[in-house]
1. Taking neighbour counts of Cβ atoms within 10 Å as a proxy for exposure, in what order, fewest first, do S216, S222 appear?
2. Helix 188-207 versus the longest principal axis of the chain: what angle, 0 to 90°, nearest 10, using Cα atoms?
3. How would you order 152-163, 264-275 from highest to lowest mean count of nearby Cβ atoms within 10 Å?
4. Using amide H atoms built in the peptide plane, which far-off residues or other-chain residues are under 5 Å from G267 H to H?
5. Give the cross-link partners of K324 among the aspartates and glutamates, using a straight C-alpha distance below 19 Å as the criterion and excluding same-chain residues fewer than 8 apart.
6. For the chain, take the longest principal axis of its alpha carbons; what is the angle in degrees between that and the long axis of helix 140-150, to the nearest 10 within 0 to 90?
7. Across all directions of projection, what mean area in square nanometres is found for the Cα convex hull of the chain?
8. Quick check: pseudo-label points 7 Å beyond the Cα along Cα→Cβ at K185 and L249, how many nm apart are they?
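Computed from the coordinates by the stated procedures, all read-outs in this text should not be read as laboratory data. No experiment lies behind these values; they were computed from the predicted model shown. So basically every Cβ, Gly included, is an ideal-geometry build from the backbone, and we count neighbours across all protein chains shown.
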Amino acid sequence: MSEAQIKDSRTEHSRSLEAQFEARIARDEKIEPKDWMPEKYRKTHIRQMSQHAHSEIVGALPEGNWITRAPSLRRKVALLAKIQDEIGHGLYLYSATETLGITRNELFEQLHTGKAKYSSIFNYPAVTWADMGAIGWLVDGAAIINQVALCGASFGPYARAMVRICKEESFHQRQGYEILLTLTKGTQEQKDMAQDALNRWWWPSLMMFGPTDDESPNTAQSMKWKLKRKTNDELRQQFVDQTVPQAELIGLTIPDSDLKWNETKKGYNFGDINWDEFWQVVKGHGPCNKERMKARISAWNKGQWVRDAAMAHAEKQQSKNLNKAV
Ligand code: BYC
């Protein structure tokens, strides 16, 4: 066979693999780690899944700040449990991402050097106790809407991780809403605190869904591969429609003078999002970007001895087992 013929047969082989892959996606079959997949599919999943994992881990920081200041034992226990869940989600997602052939160390390296992103929302400060309510209600509420769609993602480990994560997020969302409900039934000062938290977290929560569809470079391909099952704008609209009545129920006002029910589309019209602010935050210039990264890098460095000890223990066990086998 000539070199040209070998090249042709290779091209044909990879075309046929690609066609089989596309057919599996069309049939809604799950793609598993050892299955053949296009390199771009693998890379896109590593990008989104690792950013998702990083968001869970970095997302624990604004809430972690309030553990010691929770107003009662019940609140402290619930907050601790929530944060523990978020860290668990991160670890779960890192493991799922590793099945695509990247190591945990590489993933952390990408986070620490700024190559990998994490959700813009976690670069805002949590300045009052009401922020714990707003984060649970709005941020976890937004996350659930996004993640329920991802339960139908084509990559098996990601879709399965989402099922469990969504169950836990719904507890988080309710605990946040209940914090705000309690505050709105309290003194004027507590009501004001709840409203102030909504004012500050509303717009950044809408930004969590990413740029508008016409400005989103990844959506079209990710929808074709069924990594995303709904577009950024569809999910954002769903979030607004779900959240506005919840705000009304507890007597809070969404800080948007353009918010108006649209009978034709059976959804709310809402005001313009400040996309300059969004991109500033994504590019590292938000109010807390530097603080968040500093905390993560410091935690990674301080944990080096734990990783070294675990490795030394594993090596010892392995050599013991080898000696037994001889
Ligand atoms: N923040 O083409 P697009 C949680 C980036 S944590 C930062 O639309 P895509 C929780 C985007 O990465 C929940 N960056 O991208 C934890 C892309 O840049 P690259 C986190 C953003 O991927 C603790 C560029 O902008 N959830 O629940 O198709 C406490 C263009 O965007 C953002 C997830 O991660 C953003 N908001 O769509 C409480 C869900 N938006 O990568 C709660 C999984 C966009 O090309 N991820 N960018 O350099 C997704 O669903 C999708 O990745 C997104 C973006 C909808 C976020």
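1. Exposure proxy ranking, most exposed first: S216, S222.
2. Rounded to the nearest ten degrees, it is 30.
3. Highest-to-lowest ranking by the protection proxy: 152-163, 264-275.
4. For G267, whose amide H was placed from the backbone, the distant partners under 5 Å are N262.
5. Straight-line reach from K324, under 19 Å: E315.
6. It is inclined by approximately 30 degrees.
7. Taking a quarter of the hull surface, the average projection is 23.6 nm².
8. 1.4 nm
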